[in-house]
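*Asks:* Okay, handing you the structure first.
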């Protein structure tokens, strides 16, 4: 059985990613963990406006088959949204940063509290009503305030979100791209990946994680610490990832190469 701690990436030391692309994963022994927005698909001005590339559903199906089911989408998106965008995907889906999982028993989190998110949602909804540039998004276990329409609102949105978290114990604040999300404390992508790596079919494989946002950094760091393949998608200069790809299109091409290598044997 492959030791998940065994070196595979040849990644350089340091806090910044290598300039070149990552090594192509061996789908017979790697486990794939992939963010969604900004990683598999391009970010849109509004969450509902993203477009699914024509190649993506078939690519994910091929990856799932080649990796023996050791593939998971790990996203801040609601589980229902992810299943709606990719109805044919049969791998594991982790939504809301780990608050939701499909199938439900894929990555159980014993002891994880789900505090009442109603007051948090009400507070962020009230904030969104104060300015047209704000966009409120409800999550199953929390809420998000987006300010992509006016990046100058960053400081105001952060201060307001911090005040909400301070007033509601059991919640944590998560910075995202042009947004602040409030979700239950103890929820994060690295914890979700760690839980999956303890279960079949992921157990015993070498982890691969690809993500673009600050919400992905804990998982990128977790994978890099275990000498897996950690890939930042985009151009942020400071990241825990060891490798970089420029765009979701580049990531899809990289994943397609992994399928091609597997098919050639």
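Rule-based calculations on the coordinates, nothing more; no lab input. Owing to the predicted nature of the structure, the values given are computational and were not obtained by experimental measurement. Virtual Cβ from ideal backbone geometry, glycine too; neighbours counted across all protein chains shown.
*Asks:* How far is helix 154-167 tilted off the main Cα axis of the chain, in degrees rounded to 10, range 0 to 90?
*Replies:* Approximately 80 degrees, to the nearest 10.
*Asks:* Could you tell me the calculated FRET efficiency between residue 28 and residue 225, based on Cβ-Cβ distance and R0 = 35 angstrom, to the nearest 0.05? Before the final figure, lay out the partial values.
*Replies:* Details: r = 23 Å, r/R0 = 0.66.
With R0 = 35 Å, the Cβ-Cβ based efficiency is 0.90.
*Asks:* Calculated FRET efficiency, residue 261 and residue 238, Cβ-Cβ r, R0 41 Å, to nearest 0.05?
*Replies:* Numbers: r = 31 Å, r/R0 = 0.77.
The value I calculate is 0.85.
*Asks:* Would you please classify the overall shape of the stretch 218-260 from the alpha carbon gyration tensor, given that a ≥ b ≥ c denote the square roots of the eigenvalues, rounded means a/c under 1.5, and beyond that prolate means a/b larger than b/c while oblate covers the rest? Don't jump to the answer; show the numbers that get you there.
*Replies:* On the way: a/c = 3.21, a/b = 1.36, b/c = 2.36.
Judged from the Cα gyration tensor, the stretch 218-260 comes out oblate (a/c at least 1.5, b/c at or above a/b).
*Asks:* Relative contact order (percent) for the stretch 118-184, with alpha-carbon contacts under 8 angstrom and 6 or more residues of separation? Let's see the in-between values first.
*Replies:* On the way: 102 pairs, mean separation 20.6, N = 67.
Contact order relative to length: 31 percent.
*Asks:* Which value, in Å³ per residue, describes the convex hull spanned by the Cα atoms of the stretch 118-184? Could the numbers behind the result be given before it?
*Replies:* Numbers: hull volume 4.6 nm³, N = 67.
Dividing the Cα hull volume of the stretch 118-184 by its residue count gives 69 Å³.
*Asks:* Under 1.5 on a/c is rounded, so check that first for the stretch 35-126, then, if it is not, pick prolate when a/b is larger than b/c and oblate when it is not; a ≥ b ≥ c are the square roots of the alpha carbon gyration tensor eigenvalues.
*Replies:* Verdict is oblate for the stretch 35-126.
*Asks:* Under the 0.36 nm per residue contour assumption, what length would be gained going from the current alpha-carbon distance of residue 54 and residue 150 to full extension? Kindly include the intermediate steps, with their values, before the conclusion.
*Replies:* Details: separation 96, 0.36 × 96 = 34.56 nm, distance 3.09 nm.
Result: 31.5 nm gained on full extension.
*Asks:* For the chain, restrict the atom set to alpha-carbon positions and state the Rg and Dmax in Å.
*Replies:* 18.1, 58
*Asks:* Quick check: the angle from helix 56-66's long axis to the longest principal axis of the chain, C-alpha only, nearest 10 degrees?
*Replies:* Roughly 50 degrees between the two axes.
*Asks:* Ranked highest first by average number of other Cβ atoms within 10 Å, how do 120-129, 153-162, 206-215, 75-84 line up? The partial results should precede the final answer.
*Replies:* Details: 120-129: 18.0, 153-162: 16.5, 206-215: 25.3, 75-84: 19.7.
Taking the mean over residues of other Cβ atoms within 10 Å, the ranking is 206-215, 75-84, 120-129, 153-162.
*Asks:* Quote to one decimal, in nm, the extra length available between residue 159 and residue 138 on full extension: 0.36 nm per residue of separation minus the C-alpha distance between them. Intermediate results must be reported in sequence, preceding the final value.
*Replies:* Working: separation 21, 0.36 × 21 = 7.56 nm, distance 1.92 nm.
Once the chain is fully extended between residue 159 and residue 138, it gains 5.6 nm.
*Asks:* Using helices alone, I'd like the mean residue ellipticity at 222 nm for the chain: each DSSP H run of four-plus residues gives -39500 (n - 2.57), total over residue count, nearest 500.
*Replies:* -9000 deg cm²/dmol
*Asks:* Return the ratio Rg/(2.2 N^0.38 Å) for the stretch 139-265, where Rg is computed over Cα atoms only.
*Replies:* Values: Rg = 17.2 Å, N = 127, 2.2 N^0.38 = 13.9 Å.
The reported ratio for this selection is 1.24.
*Asks:* Beta carbons within 10 angstrom, averaged per residue: use that to sort the peptides 59-69, 221-231, highest first.
*Replies:* Numbers: 59-69: 19.0, 221-231: 23.5.
Highest to lowest by the protection proxy: 221-231, 59-69.
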